[in-house]
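*Asks:* Pasting a structure here, questions to come.
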Amino acid sequence: MSWPVVRMLKSFKRTLRRLFSKPVTVHYPEETSSVSERFRGRIVLDMEACIGCTLCSQACPNGTDCMNVVPGRSQGNNKRGLWPRVNIVQCMYCGLCEEVCPTDAIFLTPEFRTSRTDRAKFDYDSIQLSKTESELALEGQKELEGGL
Ligand code: SF4
Ligand code: SF4
């Protein structure tokens with residue numbers, strides 16, 4: 001048998017096998033597939049643990065366009081009142097900020113759903129960083145309903 005015919009038969013066999021196996025796709029957004037344990041997604045900040053040391057912003061390879069530490073209110077352990085701010089569109093999810101943080105206050109999560117209708121809303125302050133995407137989406141929804 002010639003080589004192209006063998007390849008065609010192999011492809012045909014693979015397609016036939018797929019017909020009787022479980023689909024690899026899911027009905028998003030009702031269903032989501034699981035992500036790898038090592039997946040690095042949306043950054044979260046534990047405001048209780050942050051001491052405002054600025055190490056995270058110094059380690060960020062994307063510079064101040066991505067991560068900044070900005071002055072705010074001193075609160076709890078953060079006597080200096082310096083809080084991380086992250087533009088999650090500029091972030092490349094390298095995880096260096098998490099690695100250098102001495103108190104494990106900042107970390108990456110498996111969350112990957114971070115869509116917005118306004119680009120300016122991708123710039124998260126410390127309070128937004130401390131909330132989950134579902135909490136932020138709920139707040140956005142309430143804001144929208146309030147404006148109608
Ligand atoms: S994950 Fe990397 S790119 Fe993103 S804010 Fe942290 S250090 Fe910067
Ligand atoms: S998140 Fe961590 S590294 Fe960044 S300022 Fe707070 S304590 Fe320092």
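*Asks:* Return a yes/no flag: does the stretch 77-87 have any residue that is surrounded by fewer than 16 Cβ atoms within 10 Å (Cβ to Cβ) and within 13 Å of ligand 1 (Cβ to nearest atom). I'd like the intermediate steps shown before the answer.
*Replies:* Quick first cut of the stretch 77-87, residues surrounded by fewer than 16 Cβ atoms within 10 Å (Cβ to Cβ) only: 77, 79-81.
After this cut, where a residue has to be within 13 Å of ligand 1 (Cβ to nearest atom) as well, the list is none.
No, the conditions are met nowhere in the stretch 77-87.
*Asks:* Report whether or not VAL100 is of a type in the set (A, V, I, L, M), open to solvent by 50 Å² or more (accessible area, probe 1.4 Å) and at pLDDT below 95.
*Replies:* no
*Asks:* All but one of (1) within 16 Å of ligand 1 (Cβ to nearest atom); (2) free of Cβ contacts under 8 Å to residues at least 12 places away in the same chain; (3) not basic (Lys, Arg) hold for CYS101, so report the exception by its number.
*Replies:* (2)
*Asks:* Suppose we keep only residues that are more than 7 Å from ligand 2 (Cβ to nearest atom) and farther than 21 Å from THR114 by Cβ within the stretch 50-76. Which one would you say is surrounded by the fewest Cβ atoms within 10 Å (Cβ to Cβ)?
*Replies:* ARG73
*Asks:* Of ARG85, ARG38, ARG80, which residue is of a type outside the set (A, V, I, L, M) and without any contact (Cβ under 8 Å) to a residue 12 or more places away in the chain?
*Replies:* ARG38
*Asks:* Please state which one of TYR28, TYR93 is assigned to a loop (DSSP other than H, G, I, E, B) and near ligand 1 (Cβ under 10 Å from one of its atoms).
*Replies:* TYR93
*Asks:* Which condition from (1) touching a Ser or Thr at 6+ places or on another chain (Cβ under 8 Å); (2) within 11 Å of ligand 2 (Cβ to nearest atom) is the one that GLU99 breaks?
*Replies:* Evaluating GLU99 over (1) touching a Ser or Thr at 6+ places or on another chain (Cβ under 8 Å); (2) within 11 Å of ligand 2 (Cβ to nearest atom) leaves (1) as the failure.
*Asks:* Might you let me know whether the stretch 63-76 holds any residue that is more than 16 Å from ligand 1 (Cβ to nearest atom) and either in contact with a Lys or Arg (Cβ under 7 Å, 6 or more places away or on another chain) or on the phi > 0 side of the Ramachandran plot (or both)?
*Replies:* yes
*Asks:* Right, another one. Mind checking which residues of the stretch 39-49 are within 14 Å of ligand 1 (Cβ to nearest atom) and open to solvent by 70 Å² or more (accessible area, probe 1.4 Å)?
*Replies:* Of everything in the stretch 39-49, those that are within 14 Å of ligand 1 (Cβ to nearest atom) and open to solvent by 70 Å² or more (accessible area, probe 1.4 Å) turn out to be PHE39, ARG40.
*Asks:* Give the stretch 103-141 a look and list any residue that's in a strand (DSSP E or B) and open to solvent by 70 Å² or more (accessible area, probe 1.4 Å), or say none. Let's see the steps before the verdict.
*Replies:* Just the residues of the stretch 103-141 that are in a strand (DSSP E or B), to begin with: 106-108, 123-124.
Of everything in the stretch 103-141, just one residue is in a strand (DSSP E or B) and open to solvent by 70 Å² or more (accessible area, probe 1.4 Å), namely PHE107.
The values are calculated or read from the model by the stated rules, or taken from the named source; none is laboratory data. These numbers come from a predicted model, not from an experiment. Glycine also receives a Cβ, built like all others from the backbone with ideal geometry; neighbour counts cover every protein chain displayed. For accessibility, only protein heavy atoms count, side chains too; no ligands or nucleic acids. Shrake-Rupley method; radii C 1.70, N 1.55, O 1.52, S 1.80 Å.
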